[in-house]
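S.K.: Handing you this structure, nothing more for now.
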Amino acid sequence: EGPYADALSVIRSGLLERHGVRHIGISGYPEGHPAITGPALWSALTDKAAAIGAGPFTGDVITQFGFDAQPVLDWLADVRARGVDLPVRIGVPGPAGVRRLLGYATRFGISTSASVARKYGFSLTNLMGTTGPDRFLRTLTDRYDPARHGTVKVHFYTFGGLRTTAEWITGFCRETR
């Protein structure tokens, strides 16, 4: 719709500066996108990051959520190797019912093989249960290398509700201090 072919066209248009936008978040897809090819995703990410760097903006990359930390870490290393130095916020699914998380994963093309499910803590025999991102975050933290992966933060998707996620974060922070 409208005169812009894509988000990059909007960034380059001057419209954002004229309306006082100072920060731009762009999407990242560590596990790919069900409707966009890998080369197109990389081109979009690197071109948008370059446009943000060339303009008067700050920016960051916010990723899709995932259940397996290793593809995220590999993707981060690729992002940095391609010259993108924007901070990255890794999408983390907050605690929620297993069935709900699997439904979102299917909808957004996230890998949910049995081995990934076990790594994350899903009980595929108990789809009524709830699971949280404890294992994912611990693995991400243990394998994170600032020199290789750059500035990384997390972004919680509140699939199980804002209060549930906030309470989980508070408890996790207490545990890991």
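S.K.: State all residues of segment 4-24 that are surrounded by 14 or more Cβ atoms within 10 Å (Cβ to Cβ) and not in a loop (DSSP other than H, G, I, E, B); if no residue qualifies, say none.
M.R.: Correct list: A7, L8, V10, I11, R12, L16, I24.
S.K.: Among the residues of segment 57-69, is there at least one that is under 26 Å from V154 (Cβ atoms), part of a helix (DSSP H, G or I) and modelled with pLDDT of 95 or more?
M.R.: no
S.K.: For segment 28-54, give me the residue count where each residue is without any contact (Cβ under 8 Å) to a residue 40 or more places away in the chain and in a helix (DSSP H, G or I).
M.R.: Looking only at that region, the number is 13.
S.K.: Next up: I need the full set of residues from segment 36-61 which are within 23 Å of V92 (Cβ to Cβ), surrounded by fewer than 19 Cβ atoms within 10 Å (Cβ to Cβ) and among the aliphatic types (A, V, I, L, M), in order please.
M.R.: I36, L41
S.K.: Looking at G25, G66, can you tell me which residue is touching a residue at least 12 places away in the same chain (Cβ under 8 Å), touching an Asp or Glu at 6+ places or on another chain (Cβ under 8 Å) and under 15 Å from P87 (Cβ atoms)?
M.R.: G25
S.K.: Another question, if that's okay. Residue under question is D74, and the condition is that it be within 23 Å of A51 (Cβ to Cβ) and either modelled with pLDDT of 55 or more or out of contact with any helix residue (DSSP H, G or I) (no Cβ under 8 Å at 6 or more places or on another chain) (or both); does it hold?
M.R.: When the stated conditions are applied, D74 does not pass them.
S.K.: Would you tally the residues in segment 157-177 being of a type outside the set (A, V, I, L, M, F, W, C) and surrounded by 16 or more Cβ atoms within 10 Å (Cβ to Cβ)?
M.R.: Counting residues in segment 157-177 that are of a type outside the set (A, V, I, L, M, F, W, C) and surrounded by 16 or more Cβ atoms within 10 Å (Cβ to Cβ) gives 4.
S.K.: Looking at segment 82-103, which of its residues are assigned to a strand (DSSP E or B), open to solvent by less than 20 Å² (accessible area, probe 1.4 Å) and at pLDDT 80 or above?
M.R.: V88, I90, G91, V92, P93
S.K.: Quick one: what pairs do we get from segment 145-159, first residue touching a residue at least 60 places away in the same chain (Cβ under 8 Å), second of a type in the set (D, E) and assigned to a strand (DSSP E or B), C-beta under 9 Å, 6+ apart or different chains?
M.R.: T151/D60; K153/D60
The values are calculated or read from the model by the stated rules, or taken from the named source; none is laboratory data. From a predicted model like this one, the values you see are computed outputs, not experimental measurements. For neighbour counting, all protein chains shown are included, and Cβ atoms are generated from backbone atoms with ideal geometry for every residue, glycine included. What goes into the accessible areas is simple: the full protein's heavy atoms, side chains included, and nothing from ligands, DNA or RNA. Shrake-Rupley method; radii C 1.70, N 1.55, O 1.52, S 1.80 Å.
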